[in-house]
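The structure appears right after this line, and notes come after that.
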Amino acid sequence: MYTINLFESSIYSSHLNNNSQITLDFDLRIFEDTIHFVNISLTDQHHSLLNIFDIQVSAKSSYTAIKKTVGQVQSSLWVFNKNSGQNKWDWIFDSNDISALEGVRSGDVGFEIEIKAIVQISENGNKMMPLIGKEHVRFSESDWISFTRHFGYSTKFGMSLPPSLLNDKSWIQAYELLEDAREHMQRGKTYDALRQCLSTIESYMDYGKDRSGPYSEKVWDELLLDITPQKKAGITGLLAGTSTYLNKIGHHRNSKQKDDGNLATIPLDQYEAELMMGISQLVVTYLEKLRTDC
């Protein structure tokens, strides 16, 4: 539960000498691609609140590199009316908001919530009073990553790509197909991550006609029937080259070097593995588009 103390914000008052008598309480809940303000209540400690005429809610990132508001909070006075049936505010994000945050985020993500309201109180002859208050809120990294998955892309890979691609069905499908690979990566199992990327790419092949694997340009012919020869050569080179890397680095061991009698693994650091995860996301997206266009 978060509590924001609301202070009078007129030119005749100062927050330094203005004791808060009204507070806004709420919880935050993540539901798919929206964050909800729930359990919203306005509490008047002195019982002088008569009416609420307006309320506006905005959020800014805790990162100084982002100077604009993030997302849009669709606030409404109806939540204070028990007979209205409305009990939440929606905090709406889009891919631009997510991309901006992912460009600077490290770990948990925080925001500053600002409340502006106009109320009527019984003091001094039913006085109209503008109020303002701020409070910091925070989401754990795991909750935030779960939230951004509904936007169809990994927060670690592709955060500078345009929203038109991030919202494309092919990108979303590729993201879902590579879920196991990302889980391996998050656990530090880089070789398993690359093997899973290779397995996903292999699933687009027709093994019945050619069993040489995705490393051969010939196996992609059926997927590229109506594409001009020069473009076809470029696409097959991309698919075969990516598959070859994933196979030789992620799958096979070093056939010429042994450790204690066993074939050694090919050197692979986290940075290289993450690069190949990003490339695999793009390649599988391309494969999805080619498959649906056939």
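Annotations for the structure displayed:
- Full-stretch length increase - Glu141, Thr64 - with 0.36 nm per residue and alpha-carbon distance subtracted: 25.8 nm
- Accessible area, probe 1.4 Å, largest first, for residues Trp144, Trp78: Trp78, Trp144
- Listed residues Phe31, Phe139, Phe53 arranged by accessible area, highest first, probe 1.4 Å: Phe31, Phe53, Phe139
- In the full protein context, the stretch 40-126 carries 54 Å² of accessible surface per residue, based on a 1.4 Å probe and ignoring ligands, DNA and RNA.
- Length added when fully stretched, Thr34-Thr228, from 0.36 nm per residue minus Cα-Cα: 65.5 nm
- DSSP-assigned coil residues among trypsin sites (Lys or Arg not before Pro) in the stretch 62-94, each with at most 11 further Cβ atoms within 10 Å: Lys67, Lys68, Lys82
- Using a probe radius of 1.4 angstrom, the carbon and sulfur fraction of the accessible surface of the stretch 19-155 is 44%.
- In this structure Thr228 has an accessible area near 90 Å², from a 1.4 Å probe over the protein heavy atoms.
- Theoretical FRET efficiency, 1/(1+(r/R0)^6), r = Cβ-Cβ of Gln74 and Glu123, R0 30 Å, to 0.05: 0.45
- Rounded to the nearest 0.05, the FRET efficiency derived from the C-beta distance between Asp269 and Gln56 at R0 = 35 Å is 0.10.
The values are calculated or read from the model by the stated rules, or taken from the named source; none is laboratory data. Computed from a prediction, not measured in an experiment: that's the story for all the values here. Neighbour counts are summed over all protein chains in view; Cβ atoms, including those assigned to glycine, are modelled from backbone coordinates with ideal geometry. Keep in mind that these areas ignore ligands, DNA and RNA; they rest on the heavy atoms of the full protein, side chains included. Shrake-Rupley method; radii C 1.70, N 1.55, O 1.52, S 1.80 Å.
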